[in-house]
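The values are calculated or read from the model by the stated rules, or taken from the named source; none is laboratory data. This one's a predicted model, so the numbers in the text were calculated from it and none came from an experiment. Note that we place each Cβ from the backbone using ideal geometry, even for glycine, and neighbour counts take in every protein chain shown.
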Amino acid sequence: MNLSSFTSFFKKTPNNLIVPDTILVKKLKNLSSQSHLLVYKDVKIYHHTLAYNIKLMLVDKLRGLYLFETKEWTYDELKNAQIKKATKQNRGENTLAYEKTHDLIRQKFNEVTHNDGVPIFNFLLMENLNADEYEHLNKSFQELLPREKVIFSDASEADIFKKLQAVSEEDEELPPIDSILGTLLIQYTILDQKNKPHFCNKEQIAFIDSDLTNSYELRGVSSSGKSKILLLKSLLEVLNKTAEKIIILKPTTLACDIFKQDLLNLIEHAIIEFNLEAIEIITPLMLINRHLKKLGKEKISQIEINPRILKKNYHFADIILCDDADILDKEFIGYLKHLQVKRRLVLVKQEESIEENQLQINYRQKRQSFNFYKTNPHAKALHIIERLSVNESKNIFVVCNESSREKLTEDLHSFIRQTPQRIESSVHLINQDFSNISFCEYEDINSLKVDHIILMDLCSVSENLLEYAINLSNYSADILYEEECLKIQNLRSKYEQSSKE
């Protein structure tokens, strides 16, 4: 009898091997679509330096984790078999090794959440054995795997659901799904500003799992998590050894520092040993100057594509991911495509209307408000800042030009006796303070994390940049202007309605 398929959950399989769903797996997936159950097939748990493959896992927010092993043995193969349970020391072919799987999952929970996590239940999917045939098997098999732990080939979806629910009573005290999955599957976990885990949706997971083509465009609506999943995609490419070097482009030095901090937070949460040199986060200007240095040319201080750097390519990275590509110069995007013509390039763009299979879900908090004021911007800004200060609001950003900043700074010192900070995108994160009231210009706003934002001096700003700015705030965005124009009308029609909703 061939029992070679009796392996642990963690046997390594080729990354490019796609195994079709069996009938029972299809039934489980269909069952999950009609209930609160979540099914994950062929996923990995990364921990320290290792990656553990889980063939099939189901998550029940009211009961815990279900782990499944699929076997194709027939009755004729099993009727004379002697099967025994594996121990940590004994993992032979004729065994079912569940204990080590449990220990690994509990270890991950303990190191991340400092508790044992959730209950874990085991099931065996018998694709070629029906319930009647099971009754005629050797008692050693029935003792090891009681009938209630086996899902037979002739089981209906109702039978399966009933068997799953019978393992335990509902427990309302279990951690939320985001915490459970955000602990185990860090490659699909977004951390918010307070480092709280949020599990990715199907759109985001599809991108993270995708095989990138030479030139790929990731398009998403505002606040859809585009930037966050760039980090996850980079992390997974390195962990799976499908890329040795990745460059992520962010428009400013400050944005790079913020993104680097996000990467460090993610790695710390994941509890993995990771080569930080594999992912480099730099500005477009740094990339160009690196190219110029290779050519023996002098550095430049502003982005400019000299035809000379298009004549010779260098291998800077296996993958370049360019965030906020829609606010960068078209000549630079053309340079990137030329540079990565034989390698992988991802351009991230924000679009209001998104085609299928891109990021269509907006995660903006419902409590966020958008307020448009046609008034004296200077006086209104003072009023709003004073009101927010009285309410002890923190992290207030005023985006305006230098002239408005100078006038407001003087008046603010008189009104609330505070001297606002000046945020500059060319200055490193460690040298800046975001805790109270800050001023910045539109070119400095990339990747900022803001509770309240006040936008002024809109006339000279592109609609794309205004759209980006208005979506930075967690709680309120106040748009101040003296004269109507088409871009303000467009923003009002879109965001005033969302505030009402």
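Results, tabulated for the structure shown:
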read-out	value
Filter result for K407 (of a type outside the set (G, A, S), part of a helix (DSSP H, G or I), touching a residue at least 24 places away in the same chain (Cβ under 8 Å) and under 12 Å from D478 (Cα atoms))	no
Any hit, segment 154-163, residues being under 27 Å from V346 (Cα atoms), among the aliphatic types (A, V, I, L, M) and not assigned by TED's automatic domain parsing to the domain that holds G220	no
Of all residues in segment 200-217 being under 22 Å from I267 (Cβ atoms), of a type in the set (A, V, I, L, M, F, W, C) and touching a residue at least 60 places away in the same chain (Cβ under 8 Å), the one that is surrounded by the most Cβ atoms within 10 Å (Cβ to Cβ)	F207
Residue match in segment 113-122 (condition: under 16 Å from K27 (Cα atoms), of a type outside the set (S, T, N, Q) and either under 34 Å from the mean Cα position of the chain (by Cα) or modelled with pLDDT of 95 or more (or both))	no
Counted residues, segment 214-255 - those being β-branched (V, I, T) and under 15 Å from V348 (Cβ atoms)	5
Matching option when the condition is over 27 Å from L185 (Cβ atoms) and either surrounded by 19 or more Cβ atoms within 10 Å (Cβ to Cβ) or polar (S, T, N, Q) (or both), among I288, I279	I288
Filter result (touching a strand residue (DSSP E or B) at 6+ places or on another chain (Cβ under 7 Å) and either buried (at least 20 other Cβ atoms within 10 Å of the Cβ) or outside any strand (DSSP E or B) (or both)) within segment 449-465	V450, H452, I453, I454, L455, M456, L458
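To keep it simple, each residue is scored yes or no on (1) within 30 Å of Q302 (Cβ to Cβ); (2) modelled with pLDDT of 90 or more; (3) in contact with a Gly (Cβ under 9 Å, 6 or more places away or on another chain); (4) hydrophobic (A, V, I, L, M, F, W, C).
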position	(1), (2), (3), (4)
S414	no, no, no, no
Q432	yes, no, no, no
N436	no, no, no, no
E441	yes, yes, no, no
E463	yes, no, no, no
E467	yes, no, no, no
S499	no, no, no, no
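Conditions (1) over 29 Å from E72 (Cβ atoms); (2) in contact (Cβ under 8 Å) with a residue 60 or more places away in the chain, marked per residue:
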| position | (1), (2) |
| --- | --- |
| E127 | no, yes |
| S140 | no, no |
| E143 | no, no |
| D154 | no, no |
| I180 | yes, yes |
| L191 | yes, yes |
